[in-house]
1. Residues in the stretch 110-122: is at least one among the small types (Gly, Ala, Ser), more than 26 Å from Ser19 (Cβ to Cβ), at pLDDT below 95 and over 13 Å from the mean Cα position of the chain (by Cα)?
2. In the stretch 24-68, what residues are under 12 Å from Ile100 (Cα atoms) and either part of a helix (DSSP H, G or I) or at pLDDT below 90 (or both)?
Amino acid sequence: MDKNNAHELVREAGAIRISDDVVAVIAGLAASEVEGVAGMGGGGLAGSVSEMLGKKNLAKGVKVQVGEKQVVVDLFIIVEHGARIPVVARKVQENVKNAIANMTGLEVVEANVHVQSVFFPDAKGEESGKSK
């Protein structure tokens, strides 16, 4: 692996490198697609600033540890109020494992889901972004 922690596949025609950031983006998108996921947690100040500037961080709320052929993923999610958290978490795990395996060939040995908040729409039925 190189200094950018890229997953490297050596083939007859040459090497293929998959960056940790690419794996994190795949995981973040796959998690966001699951019904009941209101958004991804984490991101910190840098994530908030980039979102205010119109740049969405697709790897927000995702930590990956990529090895030679396997990956461990930690996902920090915000669930919608009323969603069954264990069901949503299992669907997130399945979707993330399938997406990473299909797109990169890596085996996901752990997909750890951390529920950080619950999203409550405001009383008018609009999405106010309030979470607790």
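The values are calculated or read from the model by the stated rules, or taken from the named source; none is laboratory data. Quick caveat: nothing in here was measured; it's all calculated off a predicted structure. Glycine gets a Cβ as well: all are built from the backbone with ideal geometry, and neighbour counts include every protein chain shown.
1. To start, the set of residues in the stretch 110-122 that are among the small types (Gly, Ala, Ser) comprises 111, 117.
Right, trim to more than 26 Å from Ser19 (Cβ to Cβ) and you get 117.
Narrowing the set further to residues that are at pLDDT below 95 leaves 117.
With the extra rule that they be over 13 Å from the mean Cα position of the chain (by Cα), the set shrinks to 117.
Taking every residue of the stretch 110-122 in turn, at least one turns out to be among the small types (Gly, Ala, Ser), more than 26 Å from Ser19 (Cβ to Cβ), at pLDDT below 95 and over 13 Å from the mean Cα position of the chain (by Cα).
2. As a first pass, look at the stretch 24-68 and keep what is under 12 Å from Ile100 (Cα atoms): 24-31, 64, 66.
If the condition is that a residue be under 12 Å from Ile100 (Cα atoms) and either part of a helix (DSSP H, G or I) or at pLDDT below 90 (or both), then Ala24, Val25, Ile26, Ala27, Gly28, Leu29, Ala30, Ala31 are the ones that fit.
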